[in-house]
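All remarks here apply to the structure that follows.
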Amino acid sequence: MKKTLFACVLCLAVVSPLGADDTLVRFDGGIGVIPVSNATVNADGSVTVSRNIVRGVNPPGQIWVISRLRAEVMQDGRIEVDGRGLLLGGGNNVGLNGGQSVFATLICSPTAPFQQFSTPTAGVPLAADGDFHIEDTLSPTPPANCPSPVLLIRNPAGAWFAAGILKLD
């Protein structure tokens with residue numbers, strides 16, 4: 001009986017670390033970009049427009065929509081992102097992919113300076129229907145604690161097209 005109990009305890013000690021979850025953060029759902037966050041009509045009739053800048057990252061010039069986004073970032077910086085339907089949401093090319101490629105950026109701090117952890121900026125091409133898959137490693141490696149994570153899907157010029165919705169377990 002003692003040998004069996006010892007074997008079970010030893011088995012748990014060996015199996016538990018292997019089954020440990022080394023996920024840093026997960027995202028489930030996506031928000032497409034609206035380039036303007038607000039507009040104010042001034043007393044003289046002029047209009048002041050505020051761009052939708054997220055943690056120091058500029059938006060593109062046009063609205064983009066996304067139908068689905070899932071992402072998982074591991075402690076060692078590995079990232080997997082699966083996006084569906086990232087397409088232009090306005091203008092003459094509405095419903096098309098704009099011939100764009102995308103990469104992922106994780107930002108952990110809610111206040112400046114905003115350190116960016118990104119996949120290679122050359123990105124992966126959007127399929128005709130706006131689908132994409134990123135499986136790479138963030139550089140530099142994000143910190144073990146990411147207190148206020150934001151995941152941005154960006155084009156090689158640096159503009160953000162979509163943001164992940166944080167999944168709270």
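At-a-glance table
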quantity: Odd one out for residue 42 among (1) surrounded by 10 or more Cβ atoms within 10 Å (Cβ to Cβ); (2) among the polar types (S, T, N, Q); (3) at pLDDT 95 or above; calculated: (1)
quantity: Some residue of region 131-145 being part of a strand (DSSP E or B), within 13 Å of residue 86 (Cα to Cα) and not polar (S, T, N, Q); calculated: yes
quantity: Odd one out for residue 23, checked against (1) closer than 30 Å to residue 91 by Cβ; (2) modelled with pLDDT of 95 or more; calculated: (1)
quantity: Selection from region 61-88 of residues that are part of a loop (DSSP other than H, G, I, E, B), buried (at least 16 other Cβ atoms within 10 Å of the Cβ) and either of a type in the set (Ser, Thr, Tyr) or without any contact (Cβ under 8 Å) to a residue 60 or more places away in the chain (or both); calculated: 62, 63, 85
quantity: Candidates 55, 84, filtered to the one that is on the phi > 0 side of the Ramachandran plot and among the charged types (D, E, K, R); calculated: 55
quantity: Where a residue in region 139-151 is closer than 17 Å to residue 27 by Cβ and its partner, wherever it lies, is part of a loop (DSSP other than H, G, I, E, B) and small (Gly, Ala, Ser), with Cβ under 8 Å and at least six apart; calculated: 142/77; 147/109; 148/109
quantity: Breaking point among (1) under 17 Å from residue 68 (Cα atoms); (2) surrounded by fewer than 20 Cβ atoms within 10 Å (Cβ to Cβ); (3) touching a strand residue (DSSP E or B) at 6+ places or on another chain (Cβ under 7 Å), for residue 129; calculated: (3)
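The values are calculated or read from the model by the stated rules, or taken from the named source; none is laboratory data. Since the structure is predicted, the reported quantities are computational estimates derived from the model, not experimental observations. Neighbour counts run over all protein chains shown; Cβ positions are idealised from the backbone, glycine included.
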